[in-house]
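Notes follow the structure.
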Amino acid sequence: MPVSLISDRCLQIRRFGFINCYLVRETDGLTLIDTAVGAARIIMEAARHLGQPLRRIVLTHAHADHVGSVDMVKKLAPDVQLFIGARDAQLLAEASRGVARRNMKLLPGEPPIPVKGSFKKVKAAPDTLLNENDAVGSLRVLATPGHTPGHISFLDERDGAFYAGDALCTFQETRLPFDPPSYFPLIKGGTWHDSTALRSIERLVDSGIKRVLAGHGPARESSRASLEQAIVHARRKVRA
């Protein structure tokens, strides 16, 4: 089974070698962070292996490779609650109505750049919409817009694990989504606004991140220095 035990609180599930989702232990059961694609049965098998019920799904953003297994997980575990950020919930709803990506609405104050990336229809409606500093069990919501207008990430305040979604990627080293290694261009092509993505990470340098668990790439131990290195590298691309 394509899984890795990252810590006693976290299991990483990989699809196709490059799409990640995570099961996180809480006192009342498991939280699934993102859902990958075609991963529902693997997720449920992993949950059974961990010996706890799956209680909730939290989504970092609305792209298809992160929401792709939502409906099947809900079919296999109907009582699971679905959480997503309030802004990307609008993108998810538009995609589910069949609105083309180029026609997705931007909000006042957002850079007038068309939304990028792949979206799909999801039948399940969110149970709870999240905003910055909301808590989902031990996870604190951090606003990390840029890859999508409403991208959010989650910081586990028990151990400093940062569930980055696509706010970062971690293949060769920790990088910003518009500055990935050359062999993985998909995350770059799906990033909506580079400068916004950069500002999102700049403001998190002192937030207590000790490990980065991204949507793409292996788990990486983190420090202020490694985040600053990623920021410096990305700033060159923004200026370019």
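Counting only helices (runs of 4 or more DSSP H) that sit completely within the stretch 39-108, those holding 1 or more residues that are under 16 Å from Y22 (Cα atoms) and free of Cβ contacts under 8 Å to residues at least 12 places away in the same chain correspond to 40-50. Considering F154, F119, the condition of being surrounded by 20 or more Cβ atoms within 10 Å (Cβ to Cβ), farther than 26 Å from E26 by Cα and of a type in the set (F, W, Y) is satisfied by F119 alone.
Yes/no matrix, rows are residues, columns are (1) among the acidic types (D, E); (2) exposed (fewer than 15 other Cβ atoms within 10 Å of the Cβ); (3) more than 26 Å from D156 (Cα to Cα):
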{"position": "P53", "(1), (2), (3)": "no, yes, no"}
{"position": "T60", "(1), (2), (3)": "no, no, no"}
{"position": "V67", "(1), (2), (3)": "no, no, no"}
{"position": "Q90", "(1), (2), (3)": "no, no, no"}
{"position": "S96", "(1), (2), (3)": "no, no, yes"}
{"position": "A100", "(1), (2), (3)": "no, yes, yes"}
{"position": "N103", "(1), (2), (3)": "no, yes, yes"}
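Residues that are surrounded by 21 or more Cβ atoms within 10 Å (Cβ to Cβ) and over 20 Å from R235 (Cα atoms) within the stretch 186-211 comprise just one, I209. Name, by its number, the condition in (1) in contact with a Leu (Cβ under 8 Å, 6 or more places away or on another chain); (2) open to solvent by 10 Å² or more (accessible area, probe 1.4 Å) that does not hold for A230. Among (1) in contact with a Leu (Cβ under 8 Å, 6 or more places away or on another chain); (2) open to solvent by 10 Å² or more (accessible area, probe 1.4 Å), A230 violates only (2).
Name the pairs whose Cβ atoms lie under 8 Å apart, with the first residue in the stretch 150-177 and farther than 29 Å from E110 by Cα, the second at pLDDT below 95 and open to solvent by less than 10 Å² (accessible area, probe 1.4 Å), and 6 or more positions between them or separate chains? Going by the 8 Å Cβ cut-off, the qualifying pairs are F171/P181; Q172/P181.
Every listed requirement among (1) open to solvent by 70 Å² or more (accessible area, probe 1.4 Å); (2) under 20 Å from L11 (Cα atoms); (3) among the basic types (K, R) is met by K74 save one, (1).
Within the stretch 15-37, the residues that satisfy the criterion of being open to solvent by 10 Å² or more (accessible area, probe 1.4 Å) and in contact with a Phe, Trp or Tyr (Cβ under 9 Å, 6 or more places away or on another chain) are F18, V37.
Would you check which residues across the stretch 8-37 are of a type in the set (V, I, T), without any contact (Cβ under 8 Å) to a residue 60 or more places away in the chain and not in a loop (DSSP other than H, G, I, E, B) and list them? I13 - this is the single residue of the stretch 8-37 that is of a type in the set (V, I, T), without any contact (Cβ under 8 Å) to a residue 60 or more places away in the chain and not in a loop (DSSP other than H, G, I, E, B). Within the stretch 132-149, being touching a residue at least 40 places away in the same chain (Cβ under 8 Å) and of a type in the set (A, V, I, L, M) holds for V136, L139, V141, L142, A143. All told, A161 meets the bar of being among the aliphatic types (A, V, I, L, M) and either out of contact with any helix residue (DSSP H, G or I) (no Cβ under 9 Å at 6 or more places or on another chain) or buried (at least 18 other Cβ atoms within 10 Å of the Cβ) (or both).
Please find, within the stretch 127-140, the residue that is farthest from T27 (Cα to Cα) out of those that are of a type outside the set (S, T, Y) and open to solvent by less than 50 Å² (accessible area, probe 1.4 Å). Steps first, answer last, please.
To start, the set of residues in the stretch 127-140 that are of a type outside the set (S, T, Y) comprises 127, 129-137, 139-140.
In the following step, the residues that additionally are open to solvent by less than 50 Å² (accessible area, probe 1.4 Å) were identified as 130, 136, 139.
On the way: L130: 21, V136: 12, L139: 12 Å.
Across the stretch 127-140, the extreme among qualifying residues is L130.
The values are calculated or read from the model by the stated rules, or taken from the named source; none is laboratory data. What you see is a predicted model, and the numbers here were worked out from it, not measured in a lab. With ideal geometry, Cβ positions are generated from the backbone for all residues, glycine too; neighbour counts draw on all protein chains shown. The area values use the complete protein model at the heavy-atom level, side chains included, leaving out ligands, DNA and RNA. Shrake-Rupley method; radii C 1.70, N 1.55, O 1.52, S 1.80 Å.
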